[in-house]
1. Looking at this structure, is ARG111 under 48 Å from the mean Cα position of the chain (by Cα) and basic (Lys, Arg)?
2. Within the range 69-122, track down each residue that is among the aromatic types (Phe, Trp, Tyr) and at pLDDT below 95.
Amino acid sequence: MAFFLSGLEKETCQKMEKEESAVHGLLESSSENATMTVACGGESPLDGICLSETDKTSVLTLIREEIITKEIEACEWKKKYEETREEVLEMRKIVAEYEKTNDQMIEDMQRTNMTSQKSFQQLTM
(Lines give C-alpha, C1' and ligand atoms only; values in the text may rest on other atoms or scores of the structure.)
Protein backbone atom coordinates (compact mmCIF):
# COMPACT_ATOMS: atom_id res chain seq x y z
CA MET A 1 0.00 0.00 0.00
CA ALA A 2 2.92 2.35 0.72
CA PHE A 3 4.15 1.75 -2.84
CA PHE A 4 0.70 2.63 -4.20
CA LEU A 5 0.54 5.82 -2.14
CA SER A 6 4.04 6.93 -3.12
CA GLY A 7 3.22 6.28 -6.78
CA LEU A 8 -0.03 8.18 -6.39
CA GLU A 9 1.79 11.03 -4.65
CA LYS A 10 4.31 11.21 -7.50
CA GLU A 11 1.47 11.17 -10.02
CA THR A 12 -0.36 13.90 -8.14
CA CYS A 13 2.77 16.06 -7.89
CA GLN A 14 3.55 15.61 -11.57
CA LYS A 15 -0.05 16.40 -12.52
CA MET A 16 -0.05 19.51 -10.34
CA GLU A 17 3.23 20.69 -11.92
CA LYS A 18 1.79 20.17 -15.41
CA GLU A 19 -1.40 22.00 -14.49
CA GLU A 20 0.55 24.88 -12.96
CA SER A 21 2.73 25.24 -16.05
CA ALA A 22 -0.36 25.01 -18.24
CA VAL A 23 -2.06 27.83 -16.31
CA HIS A 24 1.08 29.96 -16.55
CA GLY A 25 1.30 29.16 -20.27
CA LEU A 26 -2.31 30.15 -20.78
CA LEU A 27 -1.85 33.38 -18.90
CA GLU A 28 1.35 34.22 -20.79
CA SER A 29 -0.09 33.32 -24.19
CA SER A 30 -3.24 35.31 -23.53
CA SER A 31 -1.25 38.39 -22.58
CA GLU A 32 1.04 38.01 -25.61
CA ASN A 33 -1.87 37.52 -28.02
CA ALA A 34 -3.83 40.65 -27.25
CA THR A 35 -5.62 40.39 -30.61
CA MET A 36 -7.65 37.41 -29.39
CA THR A 37 -11.30 37.90 -28.54
CA VAL A 38 -11.49 38.52 -24.82
CA ALA A 39 -14.26 39.13 -22.36
CA CYS A 40 -13.68 41.63 -19.58
CA GLY A 41 -16.09 42.45 -16.78
CA GLY A 42 -19.26 40.54 -15.97
CA GLU A 43 -20.63 38.32 -13.23
CA SER A 44 -18.09 35.45 -13.12
CA PRO A 45 -14.98 35.85 -10.94
CA LEU A 46 -12.91 35.16 -14.05
CA ASP A 47 -14.74 37.87 -15.99
CA GLY A 48 -12.50 40.47 -14.32
CA ILE A 49 -9.48 38.81 -15.94
CA CYS A 50 -9.06 39.53 -19.61
CA LEU A 51 -8.88 36.05 -21.13
CA SER A 52 -10.56 34.41 -24.06
CA GLU A 53 -13.50 32.16 -23.30
CA THR A 54 -11.46 29.08 -24.23
CA ASP A 55 -8.67 30.16 -21.88
CA LYS A 56 -11.20 30.75 -19.11
CA THR A 57 -12.71 27.33 -19.74
CA SER A 58 -9.24 25.77 -19.67
CA VAL A 59 -8.35 27.53 -16.43
CA LEU A 60 -11.65 26.51 -14.84
CA THR A 61 -11.12 22.91 -15.97
CA LEU A 62 -7.65 22.87 -14.43
CA ILE A 63 -8.99 24.39 -11.21
CA ARG A 64 -11.79 21.80 -11.06
CA GLU A 65 -9.27 19.01 -11.62
CA GLU A 66 -7.09 20.38 -8.86
CA ILE A 67 -10.08 20.58 -6.51
CA ILE A 68 -10.97 16.97 -7.29
CA THR A 69 -7.35 15.94 -6.75
CA LYS A 70 -7.26 17.74 -3.40
CA GLU A 71 -10.55 16.13 -2.35
CA ILE A 72 -9.18 12.69 -3.22
CA GLU A 73 -6.00 13.48 -1.31
CA ALA A 74 -8.03 14.67 1.68
CA CYS A 75 -10.05 11.45 1.63
CA GLU A 76 -6.86 9.39 1.50
CA TRP A 77 -5.42 11.29 4.46
CA LYS A 78 -8.69 10.85 6.36
CA LYS A 79 -8.61 7.11 5.66
CA LYS A 80 -4.97 6.94 6.73
CA TYR A 81 -5.85 8.86 9.92
CA GLU A 82 -8.70 6.47 10.73
CA GLU A 83 -6.48 3.43 10.13
CA THR A 84 -3.78 4.87 12.37
CA ARG A 85 -6.35 5.76 15.02
CA GLU A 86 -7.66 2.18 14.99
CA GLU A 87 -4.09 0.87 15.32
CA VAL A 88 -3.48 3.16 18.30
CA LEU A 89 -6.66 1.98 20.01
CA GLU A 90 -5.68 -1.64 19.41
CA MET A 91 -2.18 -1.00 20.80
CA ARG A 92 -3.69 0.64 23.88
CA LYS A 93 -5.79 -2.48 24.46
CA ILE A 94 -2.70 -4.67 24.10
CA VAL A 95 -0.70 -2.50 26.52
CA ALA A 96 -3.56 -2.52 29.05
CA GLU A 97 -3.77 -6.32 28.83
CA TYR A 98 0.02 -6.59 29.21
CA GLU A 99 -0.03 -4.32 32.28
CA LYS A 100 -2.88 -6.34 33.78
CA THR A 101 -1.01 -9.61 33.21
CA ASN A 102 2.18 -8.09 34.60
CA ASP A 103 0.35 -6.86 37.75
CA GLN A 104 -1.15 -10.34 38.25
CA MET A 105 2.27 -11.94 37.95
CA ILE A 106 3.73 -9.52 40.51
CA GLU A 107 0.85 -10.23 42.91
CA ASP A 108 1.32 -13.98 42.43
CA MET A 109 5.04 -13.66 43.11
CA GLN A 110 4.38 -11.62 46.25
CA ARG A 111 1.84 -14.20 47.50
CA THR A 112 4.26 -17.02 46.77
CA ASN A 113 7.04 -15.12 48.52
CA MET A 114 4.83 -14.47 51.57
CA THR A 115 3.78 -18.14 51.68
CA SER A 116 7.40 -19.20 51.40
CA GLN A 117 8.42 -16.82 54.21
CA LYS A 118 5.62 -18.11 56.46
CA SER A 119 6.61 -21.71 55.73
CA PHE A 120 10.23 -20.90 56.42
CA GLN A 121 9.36 -19.17 59.70
CA GLN A 122 7.23 -22.15 60.79
CA LEU A 123 10.03 -24.53 60.03
CA THR A 124 12.60 -22.49 61.90
CA MET A 125 10.48 -22.18 65.04
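1. No.
2. PHE120
The values are calculated or read from the model by the stated rules, or taken from the named source; none is laboratory data. Note that the structure is a prediction, hence the values are computed from the model and not measured.
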